[in-house]
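The values are calculated or read from the model by the stated rules, or taken from the named source; none is laboratory data. Small disclaimer: the values here were computed from a predicted structure and weren't measured. Please note: Cβ atoms are built from the backbone with ideal geometry, for glycine as well, and neighbour counts cover all protein chains shown. Accessible surface is based on the protein model in full, side chains and every heavy atom, while ligands, DNA and RNA are left aside. Shrake-Rupley method; radii C 1.70, N 1.55, O 1.52, S 1.80 Å.
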Amino acid sequence: HSTSRRQPQMCIRDRLSCNLGEVLTMFLASLLTLPNPLSPIQILFVNLATDGLPAIALGVDPADKDIMRQAPRDRKEGIFARGLTEKILVRGSLIGVCTLLSFMVGRYYGMNLETCRTLTLATLVMSQLFHVFECRSERHSIFEIKLFTNLYLVGAVSVSIAVSYTHLT
């Protein structure tokens, strides 16, 4: 099947990038001697809201239209080949740094710790849910892939946003 190696890579890219972003948020805050930008319950919530449904829906994403024009992978090629490691590191770092920056901006403007944590949680959840759409293709950008070709993913992200909204308010 033409997508058998593709779906695991997409899911691995999504989950590792997002988890790296979470770890970096907490680690960098610790290095900068900031208060914890997320409470333990918020970290658990992020994992519940962004891991399950979107990752499953990503697994049923249709193959790229030009997949048959691509050169086949070498059977000895590892799953982290073709720049996957770099994509994970760059996107995970971007998620982590942006999330921590939202916390720091809230602190700069004198928001209380709970408000800053809510801002941080919203930034982390939304960046991870946006990122899942970036993981749909190895070769095409988020702007080249039609949004509604995977209604399961759109639905899963919508449910995650709705659940997050109820938790944030």
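Computed quantities for the displayed model
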{"read-out": "Long-range neighbours under 8 Å by Cβ, at least six apart or interchain, first residue more than 10 Å from P37 (Cβ to Cβ) within segment 113-134, second open to solvent by less than 30 Å² (accessible area, probe 1.4 Å) and of a type in the set (D, E)", "value": "H131/D14; V132/D14"}
{"read-out": "Index of the failed condition, E86 passing every other in (1) out of contact with any Ser or Thr (no Cβ under 7 Å at 6 or more places or on another chain); (2) open to solvent by less than 60 Å² (accessible area, probe 1.4 Å); (3) at pLDDT 90 or above", "value": "(2)"}
{"read-out": "Selection within segment 139-166 - under 16 Å from G59 (Cα atoms), open to solvent by less than 60 Å² (accessible area, probe 1.4 Å) and in a helix (DSSP H, G or I)", "value": "L153, V154, G155, A156, V157"}
{"read-out": "Hits in segment 35-61 (condition: in a loop (DSSP other than H, G, I, E, B) and open to solvent by 50 Å² or more (accessible area, probe 1.4 Å))", "value": "N36, V60"}
{"read-out": "Boolean, R136 is out of contact with any Ser or Thr (no Cβ under 7 Å at 6 or more places or on another chain), buried (at least 16 other Cβ atoms within 10 Å of the Cβ), of a type in the set (K, R) and at pLDDT 90 or above", "value": "no"}
{"read-out": "Residue tally, condition among the charged types (D, E, K, R), assigned to a helix (DSSP H, G or I) and at pLDDT below 90, over segment 1-34", "value": "4"}
{"read-out": "Condition broken by Y108, with the remaining ones in (1) over 28 Å from A162 (Cα atoms); (2) surrounded by 15 or more Cβ atoms within 10 Å (Cβ to Cβ); (3) at pLDDT 95 or above satisfied", "value": "(2)"}
